[in-house]
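The structure under discussion appears below in the form of structure tokens.
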Amino acid sequence: MTGDIDTLEILSEEYRESIPDDFRETRTFTWYLQEVLDHPRIARNAHQRVADMFDFYGTEYNEDAGIVEYKLATEDPLHEGENTFFGRVIHEAIHEFVNKVKSGARGLGPEKRIKLLLGPVGSGKSDFDRQVRHYYEDYTMREEGRMYTFQWTNLCDIIDDQDPADDHVRSPMNQDPLVLLPQAQRDQVLAQINENLDAPYTIRNEQALDPASEFYMDRLLENYDDNLQTVLENHVEIVRLVANENKRQCIETFEPKDKKNQDETELTGDVNYSKIAIYGESDPRAFDYSGAFCNANRGIFSGEELLKLQREFLYDFLHATQEQTIKPKNNPRMDIDQVIVGRTNMPEYREKKGDEKMEAFNDRTKRIDFPYVLQYEEEAKIYGKMLRNADVPDVHVEPHTLEMAGLFAVLTRIEQPSTEHVDLLQKAKAYNGETDDIDDVDVKKLQDEAATSADIGEGMDGISPRFIGDEIAETIMDSMHRGRQFLAPLTMFNHLETNLENHGSIPEENLERYHRYLEMVREEYKERAIEDVRHALAYDLDEIQRQGEKYMDHVMAYIDDDTVEDEITGRESGPDEKFLRSVEEKLDIPEDRKDDFRQEVSNWVSRRAREGTSFSPQDNERLRRALERKLWEDKKHNINFSALVSAGELDDEERNAWIDALVDQGYSLEGAKEVLEFAGAEVAKAEMEE
């Protein structure tokens with residue numbers, strides 16, 4: 001029992017330590033004035049605070065992509081990497097989003113626009129939006145992200161008809177205390193703040209008090225003969241403001257409801273009927289500031305499936321964006337300060353895009369495309385994250401499993417290339433960075449061509465990661481039921497093929513094409529499985545080193561028009577062209593490209609020599625692969641491939657050595673046996689056909 005009490009004490013102490021020191025402490029307005037002069041960023045607007053938040057958690061410039069990558073997305077430091085994002089296109093979208101927020105922080109225009117995240121289902125829009133909201137909550141609890149608001153106190157002492165329950169009233173819109181100053185005096189303070197500010201933006205504040213606060217200010221000033229200092233000293237307290245989505249404080253998520261029951265009061269607030277009997281309907285104190293725009297003030301408004309709203313309902317966003325005001329019923333316009341983010345899927349966007357009556361709304365929107373991931377190895381990391389974050393049974397994921405799932409998904413998303421020498425599979429590999437085996441491939445040209453041919457953009461259609469994730473989960477459970485402790489591509493392919501027709505989000509007209517892509521991935525996996533088995537059966541590090549040195553000797557002799565000394569006879573002779581081509585043909589390098597490849601390898605060796613690094617063919621991916629394949633060709637005639645399919649026809653010691661070699665490559669014991677039999681059967685079939 002004592003242990004439980006000690007644990008509770010520890011948890012309680014940890015909770016207390018997580019709360020900002022001044023979370024419940026009240027301050028004076030005089031204190032706040034000095035604080036914002038000493039720490040100007042306290043007075044930032046919503047765009048400025050969100051922009052600084054992204055930088056606070058860390059950045060890294062990706063020179064190859066030409067974008068800034070933000071660690072709240074690449075590393076997720078708050079959750080130990082649980083919610084990381086993968087794929088170049090996703091980080092390009094995040095980079096674009098932050099750029100728009102930072103432009104808004106400088107007052108360049110995007111602060112008056114909706115940041116509309118557009119993409120297909122499952123592309124990561126909602127996950128990113130949620131990530132931003134979670135980090136904003138955390139940031140406002142830190143010293144670097146702190147902000148303050150105010151509350152009215154002792155109102156019943158001065159205002160005769162004030163309800164005793166309203167003697168202390170929090171700023172309904174959580175406004176910055178600076179709005180309590182008239183604009184002329186406020187501008188003087190802001191001028192001093194900006195003199196002390198070290199930031200790429202200027203702090204401005206031209207907001208008016210909300211109607212209720214304006215009412216209190218007027219009544220109090222009237223009582224004190226317009227002595228603002230007395231009002232602020234006697235009736236205003238400064239309190240720490242922390243964003244909290246659950247409390248609907250500085251963060252609000254708005255979801256569309258039944259189209260027939262949409263009411264603008266959900267956005268702008270409504271009359272507080274319990275106060276009408278006390279104050280009267282037209283009194284600003286009888287208004288309930290519970291609308292989504294009111295709750296999001298000083299923070300983030302997140303509109304889920306925004307374009308599913310009726311056209312008339314979207315009109316409320318026109319003033320919320322351009323003028324940064326809202327107009328509740330029977331109330332004056334109220335100023336708001338928030339980053340407005342919307343999310344929508346493709347069907348709704350296509351419908352609204354062609355609606356002429358939506359021109360004003362579209363003009364106030366900054367579209368940010370969130371396409372599906374187009375690099376299949378990055379897509380595989382999404383599935384890996386899914387498995388890491390789940391209570392996965394003790395199942396071993398075999399090599400190539402997640403990558404082949406990712407490759408299939410990517411094939412459904414990319415546009416068919418128009419160039420004859422690059423097919424769809426090669427394009428997917430090129431997007432993944434595998435360009436060595438494709439002649440004259442220009443990834444940028446492929447991307448530009450796809451951007452022109454796609455309806456809205458490449459990657460905005462295709463199979464969702466959710467569908468692949470569901471099939472991986474089903475494959476795992478099916479494997480467990482059948483006593484298989486490993487997840488392998490062959491089993492996963494069967495589930496994908498079976499369930500394509502059963503998935504409601506896949507149009508029927510795409511099924512034939514998707515089945516064809518699945519067969520392409522099967523063939524790709526077969527080649528990789530055979531390559532793994534080839535590596536296990538024929539891999540000899542010493543022999544590869546010798547063959548590599550021999551290849552380089554003959555390459556250098558070819559380039560320098562020199563001779564090579566035979567290591568056995570000692571005789572000098574010209575380069576062995578037959579040997580050179582036997583290596584190069586393993587990479588499908590044509591005769592007319594052999595000089596380019598030889599020069600490329602020669603330059604690589606020379607560069608390593610200048611760096612003081614000895615030659616090793618293991619360090620050059622293309623050369624290593626070519627030499628392994630040649631060694632395989634030299635040895636395969638001595639291997640009984642048909643025996644691989646049946647353990648009874650093969651020497652146990654030899655078979656176990658091959659299985660051990662596959663286990664060293666990352667296979668489980670049972671998975672190694674399966675891939676050995678699969679690849680053996682495929683090679684045996686090919687040998688018979690030859």
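Would a scan of the range 65-84 turn up a residue that is β-branched (Val, Ile, Thr), assigned to a loop (DSSP other than H, G, I, E, B) and within 15 Å of the chain's Cα centre (by Cα)?
yes
Could you please find all residues in the range 415-428 being closer than 24 Å to Glu497 by Cα and surrounded by fewer than 23 Cβ atoms within 10 Å (Cβ to Cβ)?
Glu415, Gln416, Asp423, Leu424, Leu425, Gln426
Going by the conditions given, is Lys550 modelled with pLDDT of 85 or more, basic (Lys, Arg) and surrounded by fewer than 12 Cβ atoms within 10 Å (Cβ to Cβ)?
Answer is no for this residue.
Pick from the range 185-199 the residues that are assigned to a helix (DSSP H, G or I) and of a type in the set (A, V, I, L, M, F, W, C): which of them is surrounded by the fewest Cβ atoms within 10 Å (Cβ to Cβ)?
Looking at the filtered set, the residue picked out is Ala191.
I want to confirm something. Restricting to the range 87-118 and keeping residues that are assigned to a helix (DSSP H, G or I) and free of Cβ contacts under 8 Å to residues at least 12 places away in the same chain, which single residue is surrounded by the most Cβ atoms within 10 Å (Cβ to Cβ)?
Within the range 87-118, the match that is surrounded by the most Cβ atoms within 10 Å (Cβ to Cβ) is Ser103.
Can you say whether Glu497 is surrounded by 14 or more Cβ atoms within 10 Å (Cβ to Cβ), assigned to a helix (DSSP H, G or I) and not assigned by TED's automatic domain parsing to the domain that holds Arg624, as far as the supplied structure shows?
yes
Can you pull out every residue in the range 219-242 that is closer than 19 Å to Tyr148 by Cα and either surrounded by 14 or more Cβ atoms within 10 Å (Cβ to Cβ) or aromatic (Phe, Trp, Tyr) (or both)?
Scanning the range 219-242 gives Val231, Leu232, Asn234, His235, Val236, Glu237, Ile238, Val239, Arg240, Leu241, Val242.
Is there a residue in the range 246-258 that is more than 15 Å from Asn331 (Cβ to Cβ), assigned by TED's automatic domain parsing to the domain that holds Pro172, modelled with pLDDT of 95 or more and assigned to a helix (DSSP H, G or I)?
No.
Tell me the helices (runs of 4 or more DSSP H) entirely within the range 292-345 that contain at least 1 residues that are crowded, with 18+ Cβ neighbours inside 10 Å and at pLDDT 85 or above.
Passing ranges, in order: 292-295, 316-322.
Could you tell me which numbered condition Phe486 fails, if it satisfies all but one of (1) surrounded by 19 or more Cβ atoms within 10 Å (Cβ to Cβ); (2) touching a residue at least 60 places away in the same chain (Cβ under 8 Å); (3) within 26 Å of the chain's Cα centre (by Cα)?
(3)
Determine whether Thr569 is of a type in the set (Ser, Thr, Tyr), within 30 Å of His396 (Cβ to Cβ), surrounded by fewer than 18 Cβ atoms within 10 Å (Cβ to Cβ) and without any contact (Cβ under 8 Å) to a residue 60 or more places away in the chain.
no
For Ile589, which of the numbered conditions (1) assigned to a loop (DSSP other than H, G, I, E, B); (2) touching a residue at least 40 places away in the same chain (Cβ under 8 Å) fails to hold?
(2)
Only residues that are touching a residue at least 24 places away in the same chain (Cβ under 8 Å) and either surrounded by 13 or more Cβ atoms within 10 Å (Cβ to Cβ) or in a helix (DSSP H, G or I) (or both): list them for the range 351-365, please.
Glu351, Lys352, Lys357, Met358, Ala360, Phe361, Arg364, Thr365
May I ask you to list the residues in the range 160-192 that are of a type in the set (A, V, I, L, M, F, W, C), at pLDDT 95 or above and under 20 Å from Asn234 (Cα atoms)?
Correct list: Val169, Leu178, Val179, Leu180, Leu181.
Glu512 fails exactly one of the following numbered conditions: (1) surrounded by 12 or more Cβ atoms within 10 Å (Cβ to Cβ); (2) part of a helix (DSSP H, G or I); (3) free of Cβ contacts under 8 Å to residues at least 60 places away in the same chain; (4) under 39 Å from the mean Cα position of the chain (by Cα). What is the number of that condition?
Against the list (1) surrounded by 12 or more Cβ atoms within 10 Å (Cβ to Cβ); (2) part of a helix (DSSP H, G or I); (3) free of Cβ contacts under 8 Å to residues at least 60 places away in the same chain; (4) under 39 Å from the mean Cα position of the chain (by Cα), Glu512 comes up short only on (1).
Within the range 554-565, track down each residue that is in a helix (DSSP H, G or I) and touching a residue at least 12 places away in the same chain (Cβ under 8 Å).
Within the range 554-565, His554, Val555, Met556, Ala557, Tyr558, Ile559 meet the criteria.
Any chance the range 40-56 includes a residue that's farther than 21 Å from Met141 by Cβ and surrounded by fewer than 19 Cβ atoms within 10 Å (Cβ to Cβ)?
Looking for residues that are farther than 21 Å from Met141 by Cβ and surrounded by fewer than 19 Cβ atoms within 10 Å (Cβ to Cβ), one finds none in the range 40-56, hence no.
The values are calculated or read from the model by the stated rules, or taken from the named source; none is laboratory data. Values in this document were obtained by computation on a predicted structure and should not be read as measured data. In this analysis, Cβ positions are derived from the backbone assuming ideal geometry, glycine residues included, and neighbour counts consider all displayed protein chains.
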